[in-house]
Structures are given as C-alpha cells and as structure tokens.
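S.K.: Quick one: this structure, given as structure tokens, is what I'll be asking you about.
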Amino acid sequence: RAVTYRKIHDIPEDWGTAVTVQAMVFGNMGDDCATGVAFTRDPSTGENYFYGEYLVNAQGEDVVAGIRTPQPLSRAAREKESSALPSMEETMPDVYAQLNDVRLRLESHYKDMQDIEFTVQKGTLYMLQTRTGKRSAQAALKIAIDMVAEHLITRERALLKMDATALDQLLHPTIDPKAKLHVIGHGLPASPGAASGMIAFTAEDAEERAKEGHDVILVRIETSPEDIHGMYAACGILTTRGGMTSHAAVVARGMGRPCVAGAGSIHIDMDTKTLHAGDITLRDRDMITIDGSKGDIILGHVPMVEPQVSGDFATIMGWADDIRRLGVRANAETPTDARVARKFGAEGIGLCRTEHMFFEPSRIQNVREMIFAETESDRRAALAKLLPEQRKDFIDLFEIMRGLPVTIRLLDPPLHEFLPQEPADIAAFSEASGIPMAKVHRRLSELKESNPMLGHRGCRLGIAYPEVYEMQAHAIFEAAATCDVSVEVMIPLVGMRHELTLMKAVVDQAAKDAEQRFGKTLSYTVGTMIELPRAALMAGDIAHDAAFFSFGTNDLTQTTLGISRDDAGSFLPAYVTKGILPKDPFVSIDRDGVGQLMAMACERGRATRPDLKLGICGEHGGDPDSIQFCEDIGLDYVSCSAFRVPIARLAAAQATIRKATNLSQKKPV
C-alpha cells in the first residue's frame, strides 16, 4: 500500500515510510467515552465550520469502517447533513469545547486545514493525530481564499499549497440539470463531481477495464486500502457502507473522484456480482451514473454540461496570473479547441498541428492525390484544391485568437499516416482518383518506410517538395491579411541550419506575395521546433535563422533516450519501479538527459540571438514538475492541451514563487 500511495502521489521512493508508535487510549469503556474523525473545515466545500463524525462507546475503526451510523460533530455539521442524531456539541458540550479550541489552535499553527483523530476516555479528550487534510479541488480554492482573507496566510503561500493537477476536477462536465434522471438510490455526497461508467465490483476489474479504455464506477460494500489501485483507475466510487470520513470518502476526495458513500438503500451481492435497488437489478458492466455532489445514484448514462470558470476558481487564477512569469498557451488546431483554450485563459496558440486539418473526409482524397503525384505540376494541382480550405481553417483560428500569437507548425508527420491501408480504402481511392490499382500499390510500396518516425517527415518533406510548404505558407498569410494576429511559422524537425534557411526562404516569399497582394505589412516570425539532439547541440548556429525555438519534448524525449513512446508501455513501468528512471519521461521531463539538452539549447541560442523566444509545446507543457523546470531554465512560455491551461497557469505561478524562494529543487512545502 505504501508503494502504491507513493506512486499515485508522485512521492520519491527514497523518502521512505515513517511509522508512529503511540500509547493506546480507549473510547469504548462506556457512554462517557467516544472516538471520532474531524476536519477543521468542510473538505468537500471548504466552508469554515467544524466538520466531522463521532461514535459514543466506540473505537476508531468503528467510525472508519461504517459498521455503526456515526453522529455529526457540531450543530453546523448536523444541519448541513440534515441528521436526526444529536451532535457532540449537544451531548458532550465540555469535551466539544476543548476539541473546538484544539481545532482553532491547529489551524493557526499549521496555517492549513487539518484532518484530526481523537478519542474521549472517561470524559478526557485525547488527540491521536493531526495531518494536512485531503480536500476536493473546489474546497481547496475556497479554503485558500478564506485563509488569505483571515490573514492566516499570504497569497503566495496559498498558491503553493494547492495541487495544480487537482484543478482537473473543476474542468470537466457535471450532470446536465435539464437531463431526465432515473434515480435508483441515494447516499452521502462524499466527494463532489459526477461520473458515468460501467459497474465493476472489484478493484481488479476496475483497473483492467480502465486499461481497456472504459469508464468505470467501482461499486463496493465498503473500500479498504487494498482497493486503492481500483479506486485510482475508476471514474467514480459507490459504497453501501461508511460515512463522510470513511476510507472511500477520504481517498476519493484526495484523488478527485466523485464518490457516493453509505448508500444503504441499495444492496450489493458480491457472490453474484449484482446490485439491487428496489425492484431494479444491475449486473457487472451495466451502466450507472453517480452524483458525488448530491449523493444520487442514477440508472444509465447521463448527459453532462461544461463547468463554469468563475467565482473562487477565477480568483485563484487571477492571483496566479499576477504572480507567474511564464506565459501559457494552448495546443489547438480546431475552432472548438481554440474557444476552450480562450475560455480557460490561454494567451495564444503555442502549437497548431496543420496535419490534423488534412484528415477531414472532404480533404483526405486531395491530400492522397498530392502524395501519389509523381510530378511537381500534379502535386501543385492537388495542393491548389487544399489551399482555400487551409486558409479558411487559419481564418477561423485567427478570429478566435484575435490579437494573440498563433504558432503554426507546417506539415510534420510521415506521409504513410495519410495513405489508405485497408483494401477497401485503397480501392475507393483508386476509383475516386482515377489512378489504376496497380499504380496505387506500386506507389504505396515506394512510400513504405522501415522507421517512418525517423524517415521522410518534417522539414525533409518541405525540402523534397517545397510546394507543400509554399501552399501552407500562402494559406497562412492570406488568412493573416484579413485578421489582427501575430503569426509564428514553425519549421519542424530541423537538425541543421541550412534546412531552416531553405524553408524560411519559402515562407518569406509567401509573406511577401501576400503583402503585395493585400497591400499591408504582415506581422510574423519564423522559428523551429527543437526535437532532435543535434538541433539542441547546434542551437547557436540555428538561431541565426530562427526568431523562436519551441521545444517538441515528445520527440526530443524519444530521440534522446532512443525510446518509442508508442512501444514503451511494456518496459517503462519496470524502469520507474526499479529506480532506473524517477518518472515516466513522457509525462515529466527527464531533467538529466532531455533537460540538459534543453538548457544547452537555450544558452547557445540566446548567445547568438539575445531576444530569441523560447517555449515548449510537448505534452510536458501541462505537467507541473516540467513547468517548474521550464521556469528554472528561463523559457518564455509553455503550451499544453486546452483543458490543462488552468493547471499550467497555477503551476507557472508556483514555479515563479519557488524559484524566487530557492524552493524549486527542494521537497514540496
């Protein structure tokens, strides 16, 4: 369990595991005894009242296991939960007063919401432990804002205490209030949010089905620490036993999973793997929805709505934006992605992958005809059909990102990705294009590569077929001429300066043509993606022709480590488990290897061009640890997927604070 816990919470193995040994006191010696678990604030909502549960004449495991129905700690908790049971504030007022005093002193000392356990033995209060309380992302926002308002902490400390990745909980759909719901049961709203998925009755089934790509709801009578791997894999958790501080509730909140606990109105038969709710029987793999904010259990899949980025969320984002130095952009190439990115506060597009625009059904035929063309004139004829559609794509993006920078990467992937592979697709292409089947098969054979990711792709395509990049550049600048936008044209897979020199000339000529045609001066720069070790080593030379570098850390990691991210799943986990690598290098930057190349490229590039703009557009752009590294080496911005933009904004502010206080290379606060 310790190993799994460290893995989930990204705790290094060498930190070890601590053990506390303490004397025993007894809460089960009569009615003047009790035991309980409490939070100094509501861990689900963040509201400032004493939140917790206790049991008279009981030991701690009785509370956690949910064998008996616990009683609310305070009057406020009783009112919130609409409980008919008396609170400790009413039944043991003197003990409660002592406990409440401890609550206030602990928060004042630790400057954070606390999770405490206590026992009352013969009327005497004993504190067993206190620790930083796990909380939902929503609660974390409110607690941080309230503690700043109460002058307990500064804004900087409030931001550092937040888990940037936990913001993910607030950025995903919730149940559509207009949806018709078939509620089949009700429990405690143990962890906010909602999720739909197929039922899994064991942690092992949940983990296996999640690996298959299914959304899963883990349904248990009660959970235990042995279930943690299944809880992590599930989208939501439902238990029939337990209270608001049961194992399922506490762990789910910490993981950001919606949870409904203590749903006593339903019955689970683990032998037959069935769930009974009244006259309804559900079996393994049947679909249900849980609403962890209300405690509802709903039959089937339910429509969801997008979250509203306002209130406490907007306040925290405002604090982060005031503090952070790094810019935050989004990787986007569709209007939908671009709108989501703007909604979440992106300051432009850091990577527009133009090849994604080529896969539209209305375009793929023309793309394939261009690839199959054996002469320049035939290629240009096919490209001419694509130009107006590419131009329209860019106009849509520029309109949404009006006034903000947009980095457009010219065609990058190997050509085989666009080609028909199945016999039916090959036959359809042959018929539509008029190219004989024999010629199609011959061309497919000619284009086949042994290692396409290191083959004819990126700028190598532009060098062999400059008309491809020429068409894209014309589409970009014809679109830019109609919009107020700052365009950054990115040449991919450059390893040698002369590659960039040749491709930059193609782009510059297209810009000049557009300026003459539209009678206006266009704002644009040309740069490259640093995704090859040689590019990092030769950064000083390449910077003569590049106005910006954007680190493509996905491919830079592959080419530096010699590891294919598509094939690494079979052995990378063992590398992390055995301590060969501290983390998956495709999730968090390999600082010692890839990071050293990045730092070298920054230093050498800026030695040649002091105003060189530096950014990152690989998946690492949304990883908080990688963002800290980007801050440490002086990048100007990070770019990530649209839904990770708020995470990056908060992580960038935390990185600024840590660097300013020399905490970036130390253990978390």
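The values are calculated or read from the model by the stated rules, or taken from the named source; none is laboratory data. In this text the structure is predicted, and so the values were computed from the model without any measurement. Because the Cβ atoms are built from the backbone with ideal geometry, glycine has one as well, and the counts that use them run over all protein chains shown. Areas reflect the complete protein model, heavy atoms only, side chains present, ligands, DNA and RNA absent. Shrake-Rupley method; radii C 1.70, N 1.55, O 1.52, S 1.80 Å.
S.K.: Any chance you could count how many residues in region 429-461 are under 39 Å from the mean Cα position of the chain (by Cα) and more than 30 Å from MET490 (Cα to Cα)?
M.R.: Residues flagged as under 39 Å from the mean Cα position of the chain (by Cα) and more than 30 Å from MET490 (Cα to Cα) within region 429-461 amount to 1.
S.K.: Something else about it: How many residues are part of a helix (DSSP H, G or I) and touching a Pro at 6+ places or on another chain (Cβ under 6 Å) if we restrict to region 422-458?
M.R.: 3
S.K.: Shifting gears a bit: Going through ALA607, ALA653 one at a time, which residue ends up being open to solvent by less than 40 Å² (accessible area, probe 1.4 Å) and either assigned to a helix (DSSP H, G or I) or not aliphatic (A, V, I, L, M) (or both)?
M.R.: ALA653
S.K.: On to the next question. Can you tell me how many residues in region 344-383 are in contact (Cβ under 8 Å) with a residue 40 or more places away in the chain, open to solvent by 60 Å² or more (accessible area, probe 1.4 Å) and assigned to a helix (DSSP H, G or I)?
M.R.: 3
S.K.: In a loop (DSSP other than H, G, I, E, B) and free of Cβ contacts under 8 Å to residues at least 40 places away in the same chain: does that describe LEU522?
M.R.: Here the answer is no, as LEU522 does not meet what is asked.
For every residue, the table says whether it meets (1) open to solvent by 50 Å² or more (accessible area, probe 1.4 Å); (2) on the phi > 0 side of the Ramachandran plot; (3) in contact with a Pro (Cβ under 6 Å, 6 or more places away or on another chain).
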| site | (1), (2), (3) |
| --- | --- |
| THR119 | no, no, no |
| LEU167 | no, no, yes |
| ILE175 | no, no, no |
| VAL183 | yes, no, no |
| LEU188 | yes, no, no |
| PRO192 | no, no, no |
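S.K.: Go through region 565-604 and give me each residue that's within 22 Å of the chain's Cα centre (by Cα), among the small types (Gly, Ala, Ser), assigned to a helix (DSSP H, G or I) and buried (at least 17 other Cβ atoms within 10 Å of the Cβ).
M.R.: ALA568, GLY595
S.K.: Residue check, ARG253 against (1) in a strand (DSSP E or B); (2) buried (at least 24 other Cβ atoms within 10 Å of the Cβ), all met but one. Which one?
M.R.: (1)
S.K.: Looking only at region 55-98, how many residues end up being crowded, with 19+ Cβ neighbours inside 10 Å and either in contact with a Gly (Cβ under 9 Å, 6 or more places away or on another chain) or among the polar types (S, T, N, Q) (or both)?
M.R.: Here the count works out to 16.
S.K.: Could you look through region 253-291, keep only residues that are of a type in the set (D, E, K, R) and in contact (Cβ under 8 Å) with a residue 12 or more places away in the chain, and pick out the one that is nearest to PRO43 (Cα to Cα)?
M.R.: The selected residue is ARG253.
S.K.: Cβ-Cβ distance below 7 Å, separation of 6 or more or different chains: which pairs start in region 466-484 with a residue that is touching a residue at least 40 places away in the same chain (Cβ under 8 Å) and under 13 Å from LEU410 (Cβ atoms) and end on one that is among the aromatic types (Phe, Trp, Tyr) and crowded, with 21+ Cβ neighbours inside 10 Å?
M.R.: If the second residue must be among the aromatic types (Phe, Trp, Tyr) and crowded, with 21+ Cβ neighbours inside 10 Å, the pairs left are ALA475/PHE394; ILE476/PHE394.
S.K.: Please go through region 610-623 and pick out each residue that is crowded, with 24+ Cβ neighbours inside 10 Å and out of contact with any Asp or Glu (no Cβ under 7 Å at 6 or more places or on another chain).
M.R.: ILE616, CYS617, GLY618, HIS620, GLY621, GLY622, ASP623
S.K.: Which residues, taken from region 228-250, are open to solvent by 10 Å² or more (accessible area, probe 1.4 Å) and either in contact (Cβ under 8 Å) with a residue 60 or more places away in the chain or over 27 Å from ARG41 (Cα atoms) (or both)?
M.R.: Listed by number, the residues that qualify are ILE228, HIS229, TYR232, ALA233, ARG241, GLY242, MET244, HIS247, VAL250.
S.K.: Got at least one residue in region 301-313 being of a type in the set (A, V, I, L, M, F, W, C) and under 30 Å from GLN114 (Cβ atoms)?
M.R.: yes
S.K.: Could you check, for region 503-519, whether at least one of its residues is under 22 Å from GLY593 (Cα atoms), modelled with pLDDT of 95 or more and touching an Asp or Glu at 6+ places or on another chain (Cβ under 6 Å)?
M.R.: Taking every residue of region 503-519 in turn, none turns out to be under 22 Å from GLY593 (Cα atoms), modelled with pLDDT of 95 or more and touching an Asp or Glu at 6+ places or on another chain (Cβ under 6 Å).
S.K.: Which members of region 260-281 meet the condition of being closer than 16 Å to THR223 by Cβ and touching a Leu at 6+ places or on another chain (Cβ under 9 Å)?
M.R.: Within region 260-281, VAL260, ALA261, GLY262, ALA263, ILE266, ILE268, LEU275 meet the criteria.
S.K.: Within region 542-558, how many residues are open to solvent by 20 Å² or more (accessible area, probe 1.4 Å) and modelled with pLDDT of 95 or more?
M.R.: Residues meeting the conditions: 3.
S.K.: Of everything in region 8-50, what is among the small types (Gly, Ala, Ser) and either in contact with a His (Cβ under 9 Å, 6 or more places away or on another chain) or surrounded by 11 or more Cβ atoms within 10 Å (Cβ to Cβ) (or both)? Give them in sequence order.
M.R.: Passing the criteria: GLY27, GLY30, ALA34, GLY36, ALA38, SER44, GLY46.
S.K.: Determine which single condition ARG409 fails, assuming it passes every other condition in (1) at pLDDT 90 or above; (2) open to solvent by 60 Å² or more (accessible area, probe 1.4 Å); (3) basic (Lys, Arg).
M.R.: (2)
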